[in-house]
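The values are calculated or read from the model by the stated rules, or taken from the named source; none is laboratory data. Owing to the predicted nature of the structure, the values given are computational and were not obtained by experimental measurement. Cβ placement follows ideal geometry from the backbone for every residue including glycine, while neighbour counts extend to all protein chains displayed. For the accessible areas, the whole protein counts, side chains as well, though only heavy atoms, and no ligand, DNA or RNA atoms are used. Shrake-Rupley method; radii C 1.70, N 1.55, O 1.52, S 1.80 Å.
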Amino acid sequence: MEREAVLVGIDVGTSKVCTLIGEVSRDGRMTVMGHGTVTSSGLKKGVVVNIDQTVRSIAESVERAERLSGWKIDRAFVAVGGQHVESLNSPGQVAVSGPRKEVSREDVLRAVEVARAVSIPSNQVVLHVERRGFKVDGQEGVKDPLGMSALRLEVETHIVTASATAVQNLTKCVSAAGVKIDELVANSLGSAEAVLSETEKELGVAVADIGAGTIDLALFADGSPFHTSVLPVGGNNVTNDVAIGLKTTLQIAEELKIAHGTSDLRGIDESEEIAVSMLGEDAGRTVSRLEVCQIVEARMREMFELLRSEMARSGHGMLPAGLVLTGGAAQLAGTAELGREVLEMPVRIAAPAGIGGLVDTLLNPAFATGVGLLRWGATAVVAGEPLRFESAPGGGGLARLRDAIRSIFP
């Protein structure tokens, strides 16, 4: 395998910070050389609330990945989450320049710039401008307009924005841990890279990354994203409900949820009891498993209802490929079954696939964003571009470079 580049992805989440080091071969194959996962402190619902704790978590995660791989990390792709991540779709239109009236790369870039000049709130920064498709003299459905004869070129873009202060705080933490940022990537788009197939994106699909504090949602149709948002609920909400309902600690509630909880109440024996004494509480106390599962099911049902209304809000009709769930909290038993019942669409749980190297632990929904960040970076590498850029909040040179590459090879 000819090594083309070494890439790093850092997923700074509510419950864990995960750093992955991967090498990309010339044909785009990804091999993970090192990973470091530590319990995260300093974040709430995907947003930095304590700089020092977050820096410590990132530094420790980076150090573990370095030790395992023997590679020194100096730059990385970093995931951005939190409810402040929003999106909108914006068209751009230009007259085709040049005497031959053929669409050139400059025309494409000008059209994207026009689309990008949409007014966004002053407290938001642009993370991504993804091209959805082009119209050439009114002809719709053009994926690649380069070289076509035309008078007018229109582009439809999907723009993802994030809170400027949240992005600055995250950038500050990553820098303080000694890492430069290649590009900031919205969590949901990162996860989508790891778990969605091209066919699903073409047909129409939703991906929901259910983390500890938030659900990152992205909706795709015709091969590209058209709606990106974050819901402020996650696995921690289920744990909190179990702790309150059973009057126990968060730690024991979490253990109960993972070991005995399910979102599918069919077939649960009503008389089944769980001895809590095994979990470090006073001997002799038992709780009804049905009660635990009823609490879990109620909260998970509420999450799917929130997802349903958010998907309806996007204004898109059918998503024939359904909903793909990933993220740590998607592993709760019975989740896909409950999702199918509430949403009345296909629902599957997905883990990242198609990576080599130290992967046993990583082929798990909890690592979708981390693996997706590596894939995101690999897009630029495979197109034959070196990875050496100074970073800037909201994506540095690399973000612009990827846009340029995509205009040549969309």
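Brief remarks on what is shown
- Each residue of the range 252-258 was assigned a 3J(HN,Hα) from its phi angle through the Karplus expression (A = 6.51, B = -1.76, C = 1.60, θ = phi - 60°), giving 5, 4, 5, 5, 4, 4, 6 Hz with x at Gly and Pro.
- Dipole of the chain [Lys/Arg +1, Asp/Glu -1 at C-beta], most positive-end residue of 306, 250, 190: 190
- Cross-link partners of residue 247 among lysines, defined as those whose alpha carbon lies under 22 angstrom from its own and excluding same-chain residues fewer than eight positions apart: 257.
- Global form of the range 1-58, assessed from the alpha-carbon gyration tensor, a/c cut-off 1.5: prolate
- Note on the chain: helix-only mean residue ellipticity at 222 nm, from DSSP H runs of 4+ residues weighted -39500 (n - 2.57) and normalised by residue number, equals -11000 deg cm²/dmol.
- Residue-by-residue Karplus 3J(HN,Hα) for the range 182-189, coefficients 6.51, -1.76, 1.60, Hz, glycine and proline x: 6, 6, 8, 10, 4, 3, 5, 6
- Phi angles across the range 363-379 convert, under the Karplus curve 6.51 cos²θ - 1.76 cosθ + 1.60 with θ = phi - 60°, into 3J(HN,Hα) values of 7, 9, x, 5, 9, 4, 5, x, 5, x, 4, 5, 5, 4, x, 5, 3 Hz, Gly and Pro given as x.
- Backbone amide hydrogens, once placed in the peptide plane, bring residue 46 within less than 5 Å of 14, excluding anything fewer than 5 places away on its chain.
- Highest-MSF residue in the chain out of 138, 178, 81 [GNM, Cα springs under 10 Å]: 138
- Over the range 29-94, equivalent-ellipsoid semi-axes from the Cα gyration tensor in Å: 29, 20, 9
- Range of Cα positions in the range 1-135 per principal axis (Å), largest first: 58, 43, 19
- Share of carbon and sulfur in the accessible heavy-atom surface of the chain [1.4 Å probe, %]: 51
- Near-label residues of the range 290-306 by backbone N, under 17 Å of a point 7 Å along Cα→Cβ of residue 271: 290-291
- Working note: Cα atoms of the chain, range along each principal axis, descending, whole Å: 86, 48, 43.
- For the range 50-206, share of DSSP beta bridges that run antiparallel, in % to the nearest 5: 80
- Extension gain for residue 122-residue 250 works out to 42.2 nm (0.36 nm per residue, less the C-alpha to C-alpha distance).
- Theoretical FRET efficiency, 1/(1+(r/R0)^6), r = Cβ-Cβ of residue 102 and residue 291, R0 56 Å, to 0.05: 0.25
- Those lysines that a straight Cα-Cα span of less than 16 Å connects to residue 143, excepting residues fewer than 8 apart in one chain: 135, 201
- Antiparallel content of DSSP bridges confined to the chain, in %, to 5: 75
- More than 23 Å apart - percent of Cα-Cα pairs taken over the range 110-207: 45
- Annotation: amide H of residue 127 within the under-5 Å range of 160, 161, 162, sequence separation 5 or more or interchain, hydrogens built in the peptide plane.
- Basic side chains Lys and Arg get +1 at the Cβ, acidic Asp and Glu get -1 at the Cβ, and with that the dipole of the range 92-182 about its Cα centre reaches some 180 debye.
- Solvent-accessible surface of the range 25-142, averaged per residue with a 1.4 angstrom probe and all protein chains in place: 51 square angstrom.
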